[in-house]
Amino acid sequence: MAKPDITLRLERPEDYHAVEELTREAFWRSIRGFCDEHLLVHRLRKVPVFIPELDYVAEADGRIVGNIIYTRARIEDPSGITHEVLTFGPLSVLPEYQNMGVGKALMLHTFEKARKLGYRAIVIFGHPDYYPRVGFRRASEFGLTTSDGNTFDAFMALPLYEGALDGIQGRFFIDPVFESLDDKDVLEFDKSFPPKDRYVPVPIKVLLDRLDAGAREAVEGLGCTYLDEFTHRSERDISSATGLDEKAMDIVRQVMLEHGWRWGSKQKEWR
C-alpha cells in the first residue's frame, strides 16, 4: 500500500468507539492473548489528568487510522518537590497503516502543540529503538527513574525545549488509572467489540532454530519464552549478550520481520 495522505485533527466524542476499536487492533498481539489498551483509552478520557487539547486522531482514506492520547504526569525530586510533565500512550495505528509514518506524524504534531501549551517535557515507556527517532533519550540521562527507582532502555524522556529538564531529577509517577486494568474488567469491556480470536504468541524456538550453537546459547540465556518479548527490549540490550555477533543480530532482525515486527535500530520505517 502506498503511503496515504494523512489528516490530523482533535478527537471528538463520536470518534470514541472507533478509536477504542483501532487501539484494540493495534495492540491485540499480546503474550497473554488479548490487550487492555482499548479499555485504558476508554478510562483515560475520564480522569482529571487527561488533556483533551492533545488528543489527536489521524484520518486516511476516509476513516480514523491512528490516535495519540496524553495525560499529565509528574517528577518528584528527592526533597519532595514535584514538576509536571506529560506522558502519552497508547499511541495506536491500525496494523495495515503501520510503518507509513502515521505514528510519527501524530507525535511531531502534538509535540509542537504541547510546547505551545507550555509543557516542559514528555516521559514515556515505549520501544527503545523506535522513539529515539523522534528525539527521545533514555530517562537515566536526565537523572530520572521510575516510581520504584529503576531505569531501563524503554523508559525515555524528551525535553520540549532547550534546558527543560535542567536541574530536575527524581522519580516519575503516572496516574493510577494505568494500573487499574484487571483481566476481568478488560474481558467484560471487550464484549462490546466484534469477537476476536486470542492471539497466540510466537515461541522463541523459531529464532533458536536459525542460530548457531553459540548464539543460540546466548538467546537462551536471556530467559525469553516467546519471540514477542523482544518487542519490549532494545537492540542494544539484546546484542549485549555474549555470543551474539552482528551475523546473529541480522538473523534476529530478519526473524522478527518475518513475524511482523520491525525491530532494531536499523529498520528504516516504523509506524
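The values are calculated or read from the model by the stated rules, or taken from the named source; none is laboratory data. Model, not experiment: these values are computed from the prediction. FYI the Cβ positions are ideal-geometry reconstructions off the backbone, even for glycines, and counts take in every protein chain you see. Heavy atoms of the whole protein, side chains included, go into the accessibility calculation; ligands, DNA and RNA do not. Shrake-Rupley method; radii C 1.70, N 1.55, O 1.52, S 1.80 Å.
Tabulated data
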{"read-out": "Extension gain, T225 back to K205 (0.36 nm per residue minus Cα-Cα distance, nm)", "value": "6.4 nm"}
{"read-out": "Heavy atoms of H83 accessible to a 1.4 Å probe, total area in Å² rounded to 10", "value": "40 Å²"}
{"read-out": "Span from the the stretch 106-122 Cα centroid across to the the stretch 1-73 one, whole angstrom", "value": "17 Å"}
{"read-out": "Protein accessible area in the chain, 1.4 Å probe - carbon and sulfur %", "value": "49 percent"}
{"read-out": "Count, lysine Cα pairs under 21 Å in the chain, 8 or more residues apart or across chains", "value": "13"}
{"read-out": "Probe 1.4 Å, accessible area per residue of the chain, Å²", "value": "49 Å²"}
{"read-out": "Rg/Rg_globular for the stretch 1-79, with Rg_globular taken as 2.2 N^0.38 Å and Rg from C-alpha atoms", "value": "1.28"}
{"read-out": "The stretch 129-271 shape via C-alpha gyration tensor axes, a/c threshold 1.5", "value": "oblate"}
{"read-out": "Förster-model FRET efficiency, 22 Å R0, E14 and K191, C-beta, rounded to 0.05", "value": "0.55"}
{"read-out": "Share of Cα-Cα pairs in the stretch 1-141 lying beyond 20 Å, as whole percent", "value": "48 percent"}
{"read-out": "Label-to-label distance, nm, for residues given as D61 and K116 (7 Å Cα→Cβ offset)", "value": "3.0 nm"}
{"read-out": "Read-out Kirkwood radius over Cα pairs in Å, derived from the coordinates shown; its label in (i) 19.8; (ii) 18.4; (iii) 19.0", "value": "(i)"}
{"read-out": "Zone residues, the stretch 19-46, relative to S147, backbone N less than 18 Å from point 7 Å out along Cα-to-Cβ", "value": "37, 40-41, 43-46"}
{"read-out": "Peptides 15-25, 63-73, 110-120, 194-204 ordered by average Cβ neighbours within 10 Å, highest first", "value": "63-73, 15-25, 110-120, 194-204"}
{"read-out": "Contour excess over end-to-end distance, with Cα ends at R236 and V177 and 0.36 nm allotted per residue", "value": "18.1 nm"}
{"read-out": "Most to least packed among 53-62, 100-109 [average Cβ atoms within 10 Å]", "value": "100-109, 53-62"}
